[in-house]
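The structure appears below as structure tokens.
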Amino acid sequence: MKAIVVKEFGGPEVMKLEEVPTPRPGAGQVLVSIKAAGVNPVDAYIRAGNYGDRLRPFTPGSDGAGVVEAVGASVRQILSGDRVYLDGSVTGTYATHALCEQTQLHPLPTNLTFAQGAGVSVPYLTAARALFQKAMASAGEWLLVHGGSGGVGTAAIQMAKSEGLTVIATAGSEKGLELVRREGAHYALNHKDPDYLNKISDLTQGRGVDLILEMLANVNLGKDLTALAKNGRVVVIGSRGPVEINPRDAMSRDAVVLAMSLFNAPPADRIALHTRLARGLMDGTLKPVVGKEFPLADAPKAHEAVLSPGAFGKIILIP
Ligand code: NAP
């Protein structure tokens with residue numbers, strides 16, 4: 001099989017496409033022929049060595065979709081030929097094949113392409129955990145998706161809209177603004193517009209939003225606290241540095257700042273999230289947006305793209 005291999009932490013160029021031995025599934029394991037791999041910002045942080053230590057060499061990637069090629073002993077309910085999407089793997093998804101524990105596989109509905117399947121796990125689990133397990137979002141509330149044009153943002157817009165929230169989403173480009181509107185945002189604002197926070201106040205008649213999903217807290221957390229309604233909640237999903245806030249902005253609103261890492265979600269919570277996603281993926285309410293596809297060998301270009309402005313849904317690698 002072929003796989004992207006990282007031998008030393010560093011810039012995108014440390015990812016090289018190599019020929020490596022194809023693993024054989026042991027008990028409870030499954031070999032998947034990967035048709036598409038999802039690229040997440042965290043893959044780039046890990047590759048750079050900014051996300052804890054890790055045994056090297058390794059193959060990046062936790063998201064992917066493909067077809068089951070072989071199953072090991074005691075594997076239940078998964079057959080060769082099944083279409084699946086991956087929530088993690090043993091060997092990494094930036095490859096033509098990935099060895100998985102059977103618990104890491106989920107059925108890929110036939111209405112979704114493999115590229116869309118590769119855009120499910122990290123983005124949709126993150127958005128669903130933030131909305132429903134952290135912020136306890138409910139119908140009728142106002143939500144600001146602060147960074148709505150990327151993988152997590154588009155997932156959050158689709159989910160919140162289908163649950164009856166009123167969604168304001170931001171993007172930093174015209175294309176991104178069109179995308180968030182198309183995915184269901186009731187209002188789209190440009191986070192590069194110096195006046196966009198006042199527009200949130202106008203839209204909510206000065207009340208503020210009940211919830212904020214924050215993709216860039218180091219830039220926005222201080223501003224978020226001023227955009228909240230009384231008893232509002234912010235969920236910090238992404239941050240790339242420190243930030244200064246005025247605690248009085250939180251005190252005057254009885255506001256709550258929550259933060260999350262998907263890595264911390266206990267297995268039972270994760271199963272509950274997949275169950276929630278399954279319904280929406282089947283009925284078409286949830287449809288990952290594939291913005292850019294790169295061949296597997298261009299993983300370095302994909303990592304440059306995932307950290308650049310102008311997000312448009314998911315970036316996908318095609319082996
Ligand atoms: P992505 O696809 O690259 O999208 C990034 C988003 O951030 C885009 O919508 C981008 O908008 C937006 N953005 C850029 N500048 C912004 C600003 N000043 N204010 C608000 N938003 C801004 O990344 P993703 O996969 O959606 O992930 C988003 C963030 O969450 C990343 O930092 C990622 O590492 C993190 N994350 C965390 C978890 C967790 O468990 N906590 C899980 C998944 C992701 P434009 O490009 O249109 O400007």
Every pair of residues 6+ apart whose Cβ atoms lie under 8 Å, when the first sits in region 234-250 and is in contact (Cβ under 8 Å) with a residue 60 or more places away in the chain while the second is of a type outside the set (A, V, I, L, M): Val235/Lys134; Val235/Glu214; Ile237/Thr126; Ile237/Glu214; Gly238/Pro41; Gly238/Gly147; Gly238/Glu214
Condition broken by Gln158, with the remaining ones in (1) at pLDDT 95 or above; (2) out of contact with any Ser or Thr (no Cβ under 7 Å at 6 or more places or on another chain) satisfied: (2)
Flag if Lys192 is open to solvent by 20 Å² or more (accessible area, probe 1.4 Å), at pLDDT 95 or above and within 14 Å of the ligand (Cβ to nearest atom): yes
Region 221-237, residues that are open to solvent by less than 10 Å² (accessible area, probe 1.4 Å), within 11 Å of the ligand (Cβ to nearest atom) and of a type outside the set (D, E, K, R): Val235
Any hit, region 251-267, residues being more than 8 Å from the ligand (Cβ to nearest atom), over 21 Å from Leu211 (Cβ atoms) and open to solvent by 20 Å² or more (accessible area, probe 1.4 Å): yes
Among (1) touching a residue at least 40 places away in the same chain (Cβ under 8 Å); (2) on the phi > 0 side of the Ramachandran plot, the one test that Gly52 misses: (1)
Residue match in region 195-204 (condition: within 13 Å of the ligand (Cβ to nearest atom) and either without any contact (Cβ under 8 Å) to a residue 12 or more places away in the chain or of a type in the set (Asp, Glu) (or both)): no
2 or more residues touching a helix residue (DSSP H, G or I) at 6+ places or on another chain (Cβ under 9 Å), hydrophobic (A, V, I, L, M, F, W, C) and surrounded by 19 or more Cβ atoms within 10 Å (Cβ to Cβ): qualifying strands (runs of 3 or more DSSP E) within region 66-158: 83-87, 142-146
Any strands (runs of 3 or more DSSP E) falling wholly within region 227-319 and containing at least 2 residues that are in contact with a Gly (Cβ under 7 Å, 6 or more places away or on another chain): 228-236, 290-295, 314-318
Where Leu277 falls short, out of the listed (1) under 23 Å from Ala311 (Cβ atoms); (2) touching a strand residue (DSSP E or B) at 6+ places or on another chain (Cβ under 9 Å); (3) more than 16 Å from the ligand (Cβ to nearest atom): (3)
Among the candidates Lys292, Lys301, Lys314, residue that is basic (Lys, Arg), surrounded by fewer than 19 Cβ atoms within 10 Å (Cβ to Cβ) and within 11 Å of the ligand (Cβ to nearest atom): Lys292
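Does Leu177 meet the test of being within 22 Å of Val236 (Cβ to Cβ), within 14 Å of the ligand (Cβ to nearest atom) and in a helix (DSSP H, G or I)?
Spelling it out, it is not the case that Leu177 is within 22 Å of Val236 (Cβ to Cβ), within 14 Å of the ligand (Cβ to nearest atom) and in a helix (DSSP H, G or I).
The values are calculated or read from the model by the stated rules, or taken from the named source; none is laboratory data. Keep in mind that what you see is a predicted model, and the values were worked out from it rather than measured. When we count neighbours, we look across all protein chains shown, and the Cβ atoms used for this are built from the backbone with ideal geometry, even at glycine. Each accessible area value is taken on the protein alone, full model and side chains, heavy atoms only, with ligands, DNA and RNA left out. Shrake-Rupley method; radii C 1.70, N 1.55, O 1.52, S 1.80 Å.
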